Structures are given as C-alpha cells and as structure tokens.
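Taking it in order: structure first as structure tokens, then the write-up.
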Amino acid sequence: MKNTLLCLVIVLAAFGCEKRDVPHYTISRVVKSDTASKLTVNISTRLSQTDLLNIAAKIKADSSALSNLQLCYMLPGHNDKNTGPDNFYAVAKYPAASVTTMQDTLKDADGTIVRLNIKGLSAQDAKHLLELDPREIQGKNILGKFIDDSNHTLIVPFTEVNDPKKEVYIIEFDGTGKVVSATVPMRDNKDGIDKLIVSHRGDYCTLKDSVLTQYSIDDLGLAYNSIKSGI
C-alpha cells in the first residue's frame with residue numbers, strides 16, 4: 001500500500017513539473033519608462049489566445065522586475081517602426097492591481113490578470129483568405145498573397161505571364177472573393193528603389209523578399225505597414 005501511494009505521489013509530481021507548451025518567440029525591443037515596460041515579441045505565425053497567454057506568462061515570470069508590462073506581438077515581415085495602427089498582431093497588458101476592475105477576468109497560464117487584445121485575423125480566417133482563387137487572378141504570375149489585417153482583405157500583386165514589360169497589377173479581395181479595389185500602379189525607381197505608386201497623391205508600396213511594404217506620402221519615408229506573403 002505504501003509503495004502504491006509513493007508511486008502516485010511521484011506521478012502527480014511529474015505532472016506538476018511538466019513544462020508548459022510555449023510557442024517559439026523572440027524579443028527584439030524593450031522600451032522602459034518610470035511607469036511601464038513595453039516589449040516587442042516576435043512570433044512566427046498567427047497564434048491562439050491560449051498560446052499568446054502562455055508566452056505572456058513565460059515573459060512575465062522571467063521579467064518580474066518590470067512594472068506594468070506590455071507585450072506587443074509582431075508577425076514576420078512587420079516592423080515595429082511602422083506608423084500604421086495595426087502594426088501588431090496582438091497586445092497584452094498586465095495592469096497594476098490598483099487599477100483592475102470586475103471586467104478583468106482573463107488570466108494568463110499562471111493565474112495573473114492580463115488584458116489581451118488580438119488585433120489580427122485568426123489562423124483559420126487567414127487560411128481562408130489565402131486559399132481564395134478568384135477568376136481575376138487565375139493563370140496570372142502571382143507575386144504573393146498578402147493579408148491586410150486592418151481591412152480583413154487579401155492583396156494580390158501579379159503580372160501577366162507573357163507580358164515582356166512585367167507590368168504589375170494589384171487586386172484586393174474581401175472574404176467572399178469579391179474585388180474591392182484594383183490598381184495598375186505606376187513604377188518609379190529613380191532613387192534605386194522600385195516603387196509602385198498606387199495613388200494620385202503619391203502613396204506607394206514596395207515588394208521585396210516576399211514582403212509588401214506600404215508607404216503614405218504623409219509619413220515622410222516611414223513605412224505605414226509591412227506584410228509577409230502567406231502569413
């Protein structure tokens with residue numbers, strides 16, 4: 001009987017010590033102030049709420065000295081210097097105990113209250129968009145499929161297969177495969193950068209290494225947004 005109880009204790013201890021499944025992540029930037037600490041957390045794919053909370057708990061445990069911790073999750077292709085409002089896939093904040101309310105019911109894997117705002121599309125919704133194959137792009141030389149998390153649309157730049165000039169076309173689709181915008185950008189590479197000018201006022205985008213980077217004429221050369229193909 002004693003041996004049985006001992007075995008049970010050992011098994012329970014083993015389960016208690018089991019490591020939490022935390023997806024791979026890296027931290028690329030830490031910004032501290034007197035009242036808060038903001039970390040940029042790089043993730044390789046769109047994660048579920050549970051996965052994001054597991055990462056948050058791991059970082060919180062490893063960064064217990066940091067006050068009012070804020071985690072900004074960023075997908076591949078994005079840049080933390082982008083000026084657009086949807087730069088991050090999700091944002092997690094650990095509020096001070098003095099400011100928590102009855103609405104703060106979400107907790108991380110360690111039971112600590114956290115406020116999590118997932119701003120980007122889920123992996124399932126993104127997969128649906130990426131699998132769209134409307135007739136407008138069938139048989140074309142597709143240069144990438146890019147998900148616009150702000151508008152919940154799919155941006156597809158392409159060229160015609162037999163076009164010697166390689167003129168680029170850009171079409172944007174909603175979740176039903178309906179065209180919401182279509183542009184034939186004017187190309188400009190006078191300064192050594194191949195710009196695709198998409199508006200009369202000079203807004204443009206670049207396409208390099210499977211990353212579509214968008215620039216507003218108002219942002220003085222800083223990228224508005226950047227999107228990795230197929231993410």
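The values are calculated or read from the model by the stated rules, or taken from the named source; none is laboratory data. Treat the numbers as computed from the prediction; the structure is a model and nothing was measured. Because the Cβ atoms are built from the backbone with ideal geometry, glycine has one as well, and the counts that use them run over all protein chains shown. Note: accessible area is taken over every heavy atom of the protein model, side chains too, but ligands, DNA and RNA are not part of it. Shrake-Rupley method; radii C 1.70, N 1.55, O 1.52, S 1.80 Å.
Miscellaneous remarks
- When region 159-187 is filtered for residues that are open to solvent by less than 40 Å² (accessible area, probe 1.4 Å), over 23 Å from A126 (Cβ atoms) and not in a loop (DSSP other than H, G, I, E, B), only T159 remains.
- All positions within region 204-231 that are open to solvent by 30 Å² or more (accessible area, probe 1.4 Å), without any contact (Cβ under 8 Å) to a residue 60 or more places away in the chain and outside any helix (DSSP H, G or I): Y204, K208, D209, Y215, L220, G221
- When each of G120, G230, G144, G221 is tested for being of a type in the set (G, A, S) and within 30 Å of S67 (Cα to Cα), the lone residue that passes is G120.
- Residues of region 64-87 that are more than 26 Å from L207 (Cβ to Cβ) and either open to solvent by 20 Å² or more (accessible area, probe 1.4 Å) or of a type in the set (D, E) (or both): S64, A65, L66, S67, N68, Q70.
- Qualifying residue in region 121-131 (condition: among the small types (G, A, S) and either over 26 Å from L212 (Cβ atoms) or surrounded by fewer than 18 Cβ atoms within 10 Å (Cβ to Cβ) (or both)): yes
- For region 188-203, filtering for residues that are open to solvent by less than 40 Å² (accessible area, probe 1.4 Å) and among the hydrophobic types (A, V, I, L, M, F, W, C) leaves 2.
- Condition check for T45: of a type in the set (V, I, T), more than 30 Å from G177 (Cα to Cα) and open to solvent by 30 Å² or more (accessible area, probe 1.4 Å): no
- Criterion violated by G120 - all others in (1) small (G, A, S); (2) out of contact with any helix residue (DSSP H, G or I) (no Cβ under 6 Å at 6 or more places or on another chain); (3) in contact (Cβ under 8 Å) with a residue 12 or more places away in the chain; (4) over 30 Å from I217 (Cα atoms) satisfied: (4)
- Residue match in region 32-39 (condition: modelled with pLDDT under 90, of a type outside the set (K, R), open to solvent by 80 Å² or more (accessible area, probe 1.4 Å) and touching a helix residue (DSSP H, G or I) at 6+ places or on another chain (Cβ under 9 Å)): no
- Residue selected from region 88-120 under the condition β-branched (V, I, T) and under 20 Å from the mean Cα position of the chain (by Cα), by the criterion most open to solvent (accessible area, probe 1.4 Å): I118
- Checked across region 144-155, the condition of being part of a helix (DSSP H, G or I) and either more than 26 Å from P76 (Cα to Cα) or in contact (Cβ under 8 Å) with a residue 40 or more places away in the chain (or both) holds for no residue.
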